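Here the structure is laid out as structure tokens; the discussion comes afterwards.
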Amino acid sequence: MTRANRFYSFALLLPLAGYSVATTQAAGPWRANEGNTRGWMLMSPEERIAHQATIRSFANYDDCHAYQVAHHRLMQERAMRLGLTLPDHGRDACAHLRPSSDSRD
């Protein structure tokens, strides 16, 4: 294979490699971000990392939900001090831990 052919082969495969990485990352573990974490903008970068790690560490719904309620309360207090309003509802990051017989949404 000539040098030019190798270059073109690489150039054609590169976008496919990027697609593969992007689709793999999308299917990865839950990641905290501004779209799914109440009070994101009120947390330091260190708090965000710790929050994500804590949510990922739970093995049962009740413990996870108790942490989530406490986190929401803390973020609500911070928002009130700053005169901000946080959304009332959002995605339940602990929902995947509910027993299958639990039909709550």
### Task
Could you list, in sequence order, all residues of the range 48-101 that are within 15 Å of Arg31 (Cβ to Cβ) and among the charged types (D, E, K, R)?
Arg48, Arg56, Arg91
### Count - residues of the range 76-94 that are outside any loop (DSSP other than H, G, I, E, B) and under 17 Å from the mean Cα position of the chain (by Cα)
0
### Summary
Taking the range 76-97 and keeping residues within 17 Å of Gly35 (Cα to Cα), out of contact with any helix residue (DSSP H, G or I) (no Cβ under 6 Å at 6 or more places or on another chain) and surrounded by 10 or more Cβ atoms within 10 Å (Cβ to Cβ) leaves Gln76, Ala79, Leu84, Gly90, Arg91, Asp92, Ala95
### Message
Just to check your reading of the model, which residue among Ala50, Ala22, Ala32 is part of a helix (DSSP H, G or I) and modelled with pLDDT of 65 or more?
### Response
Ala50
### Task
Enumerate the pairs (first residue in the range 36-49 and in the same structural domain as Ala70 (by TED's automatic domain parsing) and of a type in the set (Ser, Thr, Tyr); second residue anywhere and part of a loop (DSSP other than H, G, I, E, B) and surrounded by 15 or more Cβ atoms within 10 Å (Cβ to Cβ)) with beta-carbon separation below 9 Å, excluding pairs fewer than 6 apart on the same chain, so at least 6 apart or on different chains.
Thr37/Met43; Thr37/Ala93
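The values are calculated or read from the model by the stated rules, or taken from the named source; none is laboratory data. Quantities reported herein were computed from a predicted structural model and do not represent experimental measurements. As a convention, Cβ positions derive from the backbone with ideal geometry for all residues, glycine included, and neighbour counts pool all protein chains shown.
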